[in-house]
Each structure stands twice: as structure tokens, then as C-alpha cells.
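Written below as C-alpha cells is the structure these notes are about.
Every read-out reported here was derived from the displayed coordinates using simple, explicitly stated rules and does not represent laboratory data. Everything numeric in this text was worked out from a predicted model, so none of it was measured. All Cβ positions, even for glycine, are placed from backbone atoms using ideal geometry, and neighbour counts span all protein chains on display.
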Ligand code: PMP
């Protein structure tokens, strides 16, 4: 094993390294690998953890609403499900709606309704202002947030995501200067892909944006990984609804979450937390698209997860499956790339991703090299609006699905590709 230090190597040394690395790369290529580090979804082993949910209802559909859950109705969800997930989102029991199987759908609808229909008594539609609606996008971020906006004709303005959350000086300046900025995407705990947990101070400043921004501004608070810590000492997140209440801005926030990475990613439940005024407007619009959600699924989630303690225990079982996978990724990165001057990465305490930065200009080449050697990575650029990473350096590594052995092999290839691309860049 060589420890390369890129900026201290002579040209002769770099050439030697290039030869050795290229030989190693050819061996990987010849070994016919077919590995995939692209998917931010639970492994079968994790999905198995929730299989008891399938039979848990039996023929007992009794529930607190005393309605027939097999029938239409209950657009906002059943009370016991609201109670369970209101705690996750940090809102009151009457500030939550339980939806279908996807929080992304709720987010898409929220943006759509705000753009085209407005918030009822809380304000007119963004479109009625006659200007292109804009959203702030902390980067790197979640590509599907960006594509919601792209699909609805909303322009995305990137802002830096720092170690403690979005660059709030930049965010505040932008929203003050441009009233057509109507929203900001936030994944506040274990963000996708950087694993960032927003600091209390950043949460408080986001809670105050409603006062700084023009009319009808909303923070889209996608707390998708709210309870998805990898260890018991992972940092907590401040309660944004409480902060908003303190500042009188509770109408400026939409909170989202789901059990996609708690129970089943295709058959979970989603939830939205918002002020009563927002909830009323949102529900009225939502009621135009459906009569009600799958309440039987909601009930089996409550029977299975029970309460906050039950949920926490279940998430520890997920962590037991996930943590060793992250450990292998980080071991390869530390052993192969620490102190080489070739890369930097985060060491997440929760969520689903490791965010990795190559030297500027190399992400696409590394992804391509890895692909040619049989290791699939998320396309470079995917973590930026319009797929454009201005520095071409960010790569999202998703280790949840492959086996430990597969991750081990894939990461050996990945590290080789990073070194090879870095040495070649230095030589060129
Ligand atoms: N938000 C974030 C930040 C995510 O990473 C994901 C899943 N990759 C989602 C939302 C999708 O959530 P759902 O399955 O509830 O639509």
C-alpha cells in the first residue's frame, strides 16, 4: 500500500504511481465486477425488520376513529397515526396530515398548490405575482427536490450547505433582495447527501426567514431522516415549529417525513406538519386529487411501531444493519485517501449517504473509471440543480443496499479510481 501525497510527489514518483495504479485498475477491470453504490434505499435485510407488520392486523381493524378503515374518508389520517408521527415531526397532534406512501408526493403537491392555487386565507398563489418563482437549493442536495421545481417551472438558486446547515448569511441576503424567492429546500437532520445536522442557530435563523422574505415564503423542511441515526450519540435537531412559534412565523414552514426508510420504502406512510391555517388550505387542495389515503396501512404502522419507544428500538435495529456498511466505506476512505491531498468526505452519524469530494474537475472521470471497472455510482452532478456541479467534484456514495463484502470490493475500486484520476490530473 502506497501513501501518496499528491503535492509533494516528484514527476518521477507520480509516473511510478500512475503505472502501479493503472495496473491495479486493469486487474479490477478484468475481474468482471458488477457492483452498485447508487441507491439510497433500504436493503432486503432492513425491509425484513418490518415483516411482522404484514400480519399484525389480522381481522382486527378497531381504531380510535371508530370508522371502517376499509372505506373512503379521513383525508388527514387516523388519530393514532397522527399522534405517533407528530412526535417525529415535532408538531402538535392537530398540525399533521398523514398521507399515502410517499412524502415526495406531498412535497410535489405542496409546491404545486402554492404555485398555482395559493394558501387560501394565508395568501395568493405564487404564479399570480407574474414572475418566475425561485427556490433556494442548499448544495449538494437531493436531486428529487430539484426535479420537483424543474418540473413545475421554478428556478433553483444554489446556496452553500456548510457544516452547520445552509449558508444563512447568503440565504438572508438573497431572500431580502428578491421577493420572487418563495422557498428553500432543507433536509435538516442527516441531509442527503452530506449527513449534515443543522445547528440550533441555523434552525432559528431559518425560522425567522418568514419575516425577512417577501410574502408567502415557505421553508420546505424535509425531515426524511429525522430518526435515522447510526449511533445513540448522534446530534439532535432543534424543533423548528417551536422556533417558528417563538418568532410568530409558524405559517412559513412545511414539514415532511415518511416511513420509507423506517418500514417499507414502497408501502410506508408519509406525513406533513404545518400550521392549522396551512393545513386547511393544503387539505382542501389535496381533496381535489383523492378521497382519502390508505388508512389500513396507517393502522398497521401504529400497531407495529406502537409509540416513540417502539420506533426508537426499531431504528436501532436498522442502525445495526447500516452502521457496519458505513464503517467499511469510511475505513477504505481513511486508509486509502486520508492525508493524500486528493479528497475529502463526511463521516455521517445518520442518514443514507457518504458525500465525497474529489479534487476539482475529477468527479465525472472517477465515476466513469469506476463504471468501466464494474462499480456503479450516482452520476456526478446529480446532487446539484440541473445536474451541474460547478466544481465537478461531488460524488454521493450510498452503501445501504450492497452486502458488506460487495461494499468492501467496490470501495477498493473506488479508491483506486480516485487515486488514478488525481495522479493523472497532476501529471497533465
Ligand atoms: N426526501 C429525502 C431527503 C430523501 O432522501 C428521500 C428518499 N431518497 C425522499 C424524500 C423520498 O421520500 P418518500 O419515499 O417518502 O417519497
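Give the Debye-formula value of log10 I(q)/I(0) at each listed q (0.06, 0.14 Å⁻¹), with one equal scatterer per alpha carbon of the chain, two decimals each.
-0.27, -1.25
Once you put a point 7 Å from the Cα of residue 150 and another 7 Å from the Cα of residue 231, both along the Cβ direction, what distance in nm separates them?
Simple spin-label model gives 3.7 nm for this pair.
Cα axis of helix 363-372 to longest principal axis of the chain: angle in degrees, 0 to 90, nearest 10?
80
Using mean Cβ contacts within 10 Å as the protection proxy, how do 98-111, 311-324, 412-425, 8-21 order, highest first?
Packing order, densest peptide first, comes out as 412-425, 98-111, 311-324, 8-21.
With angles folded into 0 to 90 degrees, how steeply does helix 295-305 sit against the dominant principal axis of the chain? Use alpha carbons for both and round to 10.
So the helix axis and the longest Cα principal axis differ by about 60 degrees.
If each residue of separation counts as 0.36 nm, what is the full-extension length gain between residue 316 and residue 296 once their alpha-carbon separation is subtracted?
Contour length minus Cα-Cα distance gives 4.7 nm.
Between residue 36 and residue 201, what is the FRET efficiency for a Förster distance of 56 Å, r being their Cβ-Cβ separation, to the nearest 0.05?
0.90
Determine the distance separating the Cα centre of the stretch 231-290 from the Cα centre of the stretch 56-87; give it in Å without decimals.
18
Note the full-extension length gain between residue 29 and residue 64 as 0.36 nm times their separation in residues minus their Cα-Cα distance, in nm to one decimal.
6.7 nm
Give me the number: length gained by fully extending residue 44 to residue 7, i.e. 0.36 nm times residue separation minus the C-alpha to C-alpha distance, one decimal in nm. Intermediate results must be reported in sequence, preceding the final value.
Values: separation 37, 0.36 × 37 = 13.32 nm, distance 4.33 nm.
Roughly 9.0 nm would be gained on extension.
In nm, give the distance between the simple-model label positions of residue 335 and residue 176, each being 7 Å from the Cα along the Cα-to-Cβ direction.
Between residue 335 and residue 176, the simple spin-label model gives 5.1 nm.
Average the reciprocal distances over every distinct pair of alpha-carbons in the stretch 63-305, invert the result, and give the Kirkwood radius in Å. Please list the in-between numbers first.
Numbers: mean 1/r = 0.0555 Å⁻¹.
Here the Kirkwood hydrodynamic radius works out to 18.0 Å.
How far is helix 103-116 tilted off the main Cα axis of the chain, in degrees rounded to 10, range 0 to 90?
Result, in degrees: 70.
Looking at the square roots a ≥ b ≥ c of the eigenvalues of the Cα gyration tensor of the stretch 21-85, which shape do they give, rounded for a/c under 1.5, prolate if a/b is larger than b/c, or oblate?
Numbers: a/c = 4.98, a/b = 3.52, b/c = 1.41.
It comes out prolate by the Cα gyration axes.
Report the paramagnetic label zone for residue 242: residues of the stretch 261-290 whose backbone N is under 18 Å from a point 7 Å from Cα along the Cα-to-Cβ axis.
Residues 273-275 qualify, since their backbone N sits under 18 Å from the label point.
Quick one: of the DSSP bridges fully inside the stretch 63-305, what percent are antiparallel, nearest 5?
So the antiparallel bridges in the stretch 63-305 amount to around 35 percent.
With just the Cα atoms of the stretch 73-127, tell me how far they stretch along each of the three principal axes, in Å, largest first.
So the three principal-axis extents are 36, 23, 23 Å.
Roughly speaking, what is the centre-to-centre gap between the stretch 301-378 and the stretch 2-52 when only Cα atoms are used, to the nearest Å?
With the stretch 301-378 and the stretch 2-52 each reduced to a Cα centre, they are spaced 13 Å.
Using a/c under 1.5 as the rounded threshold, could you call the stretch 1-116 rounded, prolate or oblate? The axes a ≥ b ≥ c are square roots of the C-alpha gyration tensor eigenvalues, and prolate needs a/b larger than b/c, oblate otherwise.
It is prolate, given that a/c is not under 1.5 and a/b is the larger ratio.
If a/c stays under 1.5 just call it rounded; otherwise compare a/b with b/c (prolate if a/b is bigger, oblate if not). Do that for the stretch 99-187, with a ≥ b ≥ c from the square roots of the Cα gyration tensor eigenvalues. Please report the intermediate quantities before stating the final value.
On the way: a/c = 1.92, a/b = 1.19, b/c = 1.61.
Oblate.
Counting each pair of different Cα atoms once, what's the Kirkwood radius of the stretch 139-252 in Å, rounded to one decimal?
14.5
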